[in-house]
Every structure is written in structure tokens, then in C-alpha cells.
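No value in this document is a laboratory result; all are computed from the given coordinates. Since the model is a prediction, treat every value here as computed from it, not as a measurement. Neighbour counts are summed over all protein chains in view; Cβ atoms, including those assigned to glycine, are modelled from backbone coordinates with ideal geometry.
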Amino acid sequence: MPVACDPLVRLWYYVTPNDTECWEWRGHKNHSGYGLIRVGRKMRSVHRFAYEAMVGPLDPTLDIMHTCDTRACVNPAHLRLASTAENIRDMIAKGRDNFRGKAQARDRAGVCGSGRHKWIPENWAPSSDGRRRCLPCIKERSAKKWRSPVLDG
Ligand SMILES: [Zn+2]
Ligand SMILES: [Zn+2]
């Protein structure tokens, strides 16, 4: 790949735009799955670069959020400026990485994933993967026959 060539040319070399789907960057990605593009001497997030190139200037106080959840996507229709707080709220709403994070925080605080039961010996049993299972939660779940997906506490 010719390093000197215009980053915009490189953008379209690694991205195939189409009408409806995600325009996925096929170039270099970081460990979180976000595309990276070299601009001058710097590596930049490709979705930020693409937003700037196609939509307009970035606001340094705002994040770019993917409405499609495809981190390597640069389709401007799937990108929107959002505050970090909004971005996090969106993640929580979509229940992506966050449920686990919250459950782990509660676990450290000494309560089960639902936040309603203390980790006292009579409340938990080890599961096959070595995590603690909250017995009151399990009881409640089977009693109520919840139809929502069961999230481990
Ligand atoms: Zn997309
Ligand atoms: Zn519980």
C-alpha cells in the first residue's frame, strides 16, 4: 500500500460502499474492532476520519456513535455525534457489554447480579464455570417463569 497516497483514496480502497448495509473497513483494526487509518503521521479512528470527510467537522467534546454497532463501519448513515454519556446510555439500553460490567461491580460489592441478595453462604452455589450462582434469584426465576432471557447473576 503506497503510504504517501491520500488517506481518502485509501479509505475507499478498504471500504465498499453500498446502499443499505454497513460499509465495513477491511484495513487495520485495533483490538476493540475499530478501524484505524494512517493520516499523515498519525493513526486515526477510521469512522471519525470518514465522518469528517463525508459529513462535517468533528466536535472534540463528542464521540461518534455507531447506530449499527458495527465498530468498523464507516457508513455515514450509521454514524452520529453523541456525548460520551449518551453513548454509554445507548450501550446500556442495548444491553451489550454492560450487563456483565454491572454484574461484576455488584459481585465485588458483595451482592448478586440482580443487586438484591447478599453473598452469604446460604445464598450461593458454585456453577460449573466457577462463578457464583445466586440461589434466591434462581428460585425467583423458576417461580415466576420469566420469559425474558435469563441473565446470570
Ligand atoms: Zn453500519
Ligand atoms: Zn440474587
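No disulfide-compatible partner, judged by a Cβ distance under 4.7 Å, exists for the following cysteines of the chain: 5, 68.
Between the Cα long axis of helix 135-144 and the first principal axis of the chain there is an angle of about 90°, rounded to the nearest 10. With contacts taken as Cα pairs under 8 Å and at least 6 residues apart, segment 13-126 reaches a relative contact order of 18 percent.
Computed about its Cα centre, the charge dipole of the chain is approximately 780 debye, with only Lys, Arg, Asp and Glu carrying charge at their Cβ. The angle separating the long axis of helix 84-94 from the principal Cα axis of greatest extent in the chain is about 60 degrees. Charge dipole of segment 105-144 (Cα centre as origin; +1 on each Lys and Arg Cβ, -1 on each Asp and Glu Cβ, all else neutral): 120 debye, rounded to the nearest 20. Since only 128, 60, 78 are under comparison, the one whose Cα sits farthest along the positive direction of the charge dipole of the chain, derived from C-beta charges on Lys, Arg, Asp and Glu, is 128.
Each Lys and Arg contributes +1 and each Asp and Glu -1, all at the Cβ; summed about the Cα centre of segment 12-67, the dipole is approximately 440 debye. Helical content of the chain, expressed as a calculated mean residue ellipticity at 222 nm, amounts to -9500 deg cm²/dmol (DSSP H runs of 4 or more residues, -39,500 (n - 2.57) each, divided by residue number, nearest 500). Amide H contacts under 5 Å for residue 73: 25, restricted to partners 5 or more places along the chain or on a different chain, H placed in the peptide plane at 1.01 Å from N.
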